[in-house]
Amino acid sequence: MKGLLGRFRDRTPRCLGLACHDRGFGLARVEPDAAYCDTHEDPDALEQTVRRQRLGRHSAHLVLDEGTFRLLPTEQPDVPEAERREAIRWQVADLVDFDVTHAVIDFCPMGDGVSHHGKPMVFAAVAPADHVRRAIHSVRRAGLRVASVGLPELALRNLAARLPEAVSGLVLLYARARSATILLVYGTHLFVARHVDVAIDDDGAGGPDTLLLEIQRALDYYDGHFALPPIRNLAVMGDMPVEDEALGYLSSQLRMEARWIPLSRFAEGLPAGGAGCARALGAAFGPPGPSPAPPPENAAGGG
């Protein structure tokens, strides 16, 4: 089986993204002058949309659900490139709660970071093979082909990197019904990714304060590990719009403006949110083009 971040043999231009999530699927279609996204509660509804929109046998870039894999920061093994994936398999074996013998393994750069030992850092993606097979089967059952298999963090990175604020560094907080994802992006590079099992509007469980703490921890990690200017931009997205009160609280506590980013920011006609839509859209857009290397912190002019 291909790695999580790899492509299958396919010549179809990147235009369809399909995101799996705990409540169904988000299907995004990007065309030269427009973009569309639909949500579906089950495979049958997805299949009906594929037929109605005549998308059968088109290729989709699949995004796995958060619960089907682990994304772990680790040092890049000092082995030949052809052996790197297998080396990472055993390097992270004790960090997951399933047998990695037959797991699907892939990795991507962790920004341009290095460890305290001077070794490059990578994000290791680890998923039980049967979880990936089931996700691929759901796509094929709907009548679509699979162009690639990817991760929600990278799909959201694709959107964050398209925001002008990403040029000088950006925190992206993506809110869902019962959880949230925190990403730190500089230019087109993903430096930090965290998943938090709390909703931003769950005051009873301390949702706002928990997210605030996790964002601060992510920023502290970034400041302590990467020689880059401090990040002072916070973009907030979600399956549903986030209340102004929550945005104001984050802004005041972090001392950076928290701005709500609707999907319509990326293409006209898109809904404000929708379960799976942002991740599907990010997969359909694909990785952003290369950006200039970020300046070192001492060249930031006081930032």
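If you go through the stretch 127-145 one residue at a time, do you hit one that is free of Cβ contacts under 8 Å to residues at least 24 places away in the same chain, of a type in the set (A, V, I, L, M) and farther than 23 Å from ALA284 by Cβ? The answer is no, given that none of the residues of the stretch 127-145 is free of Cβ contacts under 8 Å to residues at least 24 places away in the same chain, of a type in the set (A, V, I, L, M) and farther than 23 Å from ALA284 by Cβ. If the condition is being in contact with a helix residue (DSSP H, G or I) (Cβ under 7 Å, 6 or more places away or on another chain) and part of a helix (DSSP H, G or I), then the stretch 143-156 contributes PRO152, ALA155, LEU156.
Which strands (runs of 3 or more DSSP E) does the stretch 161-202 wholly contain that include 1 or more residues that are farther than 15 Å from ILE261 by Cα? Break it down into steps so the answer makes sense when it comes.
Numbers: elements: 170-175, 180-186, 189-196.
Result: 180-186, 189-196.
Please verify whether GLU31 is over 23 Å from ALA177 (Cβ atoms), surrounded by 14 or more Cβ atoms within 10 Å (Cβ to Cβ) and either at pLDDT below 90 or among the charged types (D, E, K, R) (or both), treating the condition exactly as stated.
Numbers: over 23 Å from ALA177 (Cβ atoms): yes; surrounded by 14 or more Cβ atoms within 10 Å (Cβ to Cβ): no; either at pLDDT below 90 or among the charged types (D, E, K, R) (or both): yes.
No; evaluated as a whole, the condition is false for this residue.
So if I check each of PRO296, PRO230, PRO288, PRO292, which one is at pLDDT 90 or above and over 27 Å from ARG178 (Cα atoms)?
Only one candidate qualifies: PRO230.
Just a yes or no: is a residue in the stretch 57-64 at pLDDT below 90 and either touching a helix residue (DSSP H, G or I) at 6+ places or on another chain (Cβ under 7 Å) or surrounded by fewer than 12 Cβ atoms within 10 Å (Cβ to Cβ) (or both)? Checking the stretch 57-64: at least one residue is at pLDDT below 90 and either touching a helix residue (DSSP H, G or I) at 6+ places or on another chain (Cβ under 7 Å) or surrounded by fewer than 12 Cβ atoms within 10 Å (Cβ to Cβ) (or both). Scan the stretch 78-100 for residues that are aliphatic (A, V, I, L, M), part of a loop (DSSP other than H, G, I, E, B) and surrounded by fewer than 17 Cβ atoms within 10 Å (Cβ to Cβ) and the total you get is 2.
Hey, could you check the stretch 59-115 for residues that are polar (S, T, N, Q) and touching a Pro at 6+ places or on another chain (Cβ under 8 Å) and say which is farthest from HIS137 (Cα to Cα)? Applying the filter and picking the extreme gives GLN76.
Test ASP244 against the stated conditions and say whether it is of a type in the set (Asp, Glu), touching a Phe, Trp or Tyr at 6+ places or on another chain (Cβ under 9 Å) and surrounded by 15 or more Cβ atoms within 10 Å (Cβ to Cβ). Give the steps one after another, and end with the answer.
Numbers: of a type in the set (Asp, Glu): yes; touching a Phe, Trp or Tyr at 6+ places or on another chain (Cβ under 9 Å): yes; surrounded by 15 or more Cβ atoms within 10 Å (Cβ to Cβ): no.
Considered against the rule, which asks whether it is of a type in the set (Asp, Glu), touching a Phe, Trp or Tyr at 6+ places or on another chain (Cβ under 9 Å) and surrounded by 15 or more Cβ atoms within 10 Å (Cβ to Cβ), ASP244 comes out as no.
Screening the stretch 51-72 for residues that are free of Cβ contacts under 8 Å to residues at least 40 places away in the same chain and out of contact with any strand residue (DSSP E or B) (no Cβ under 9 Å at 6 or more places or on another chain) and picking the one that is farthest from PRO120 (Cα to Cα) gives ARG52. Take the conditions over 28 Å from ASP209 (Cα atoms) and surrounded by fewer than 22 Cβ atoms within 10 Å (Cβ to Cβ) and apply them to ARG145. Does it pass? For ARG145, the condition - over 28 Å from ASP209 (Cα atoms) and surrounded by fewer than 22 Cβ atoms within 10 Å (Cβ to Cβ) - is met. Looking at the structure I just gave you, is ARG134 basic (Lys, Arg), more than 30 Å from ASP112 (Cβ to Cβ), part of a helix (DSSP H, G or I) and modelled with pLDDT of 90 or more? Yes; evaluated as a whole, the condition is true for this residue.
Any residue at all in the stretch 60-77 that's farther than 19 Å from ARG279 by Cα, in contact with a Leu (Cβ under 7 Å, 6 or more places away or on another chain) and assigned to a strand (DSSP E or B)? Taking every residue of the stretch 60-77 in turn, at least one turns out to be farther than 19 Å from ARG279 by Cα, in contact with a Leu (Cβ under 7 Å, 6 or more places away or on another chain) and assigned to a strand (DSSP E or B). Picking from residues in the stretch 101-121 that are in contact with a Lys or Arg (Cβ under 9 Å, 6 or more places away or on another chain) and either at pLDDT below 90 or of a type outside the set (A, V, I, L, M) (or both), the one that is surrounded by the fewest Cβ atoms within 10 Å (Cβ to Cβ) is THR101. In the stretch 236-249, the residues that are free of Cβ contacts under 8 Å to residues at least 60 places away in the same chain reach residues that are surrounded by 19 or more Cβ atoms within 10 Å (Cβ to Cβ) and assigned to a strand (DSSP E or B) with C-beta atoms within less than 6 angstrom, at least six apart or across chains, in these pairs: LEU247/ALA258.
The values are calculated or read from the model by the stated rules, or taken from the named source; none is laboratory data. Given the structure is predicted, the values throughout are model-derived calculations rather than measurements. Neighbour counts are summed over all protein chains in view; Cβ atoms, including those assigned to glycine, are modelled from backbone coordinates with ideal geometry.
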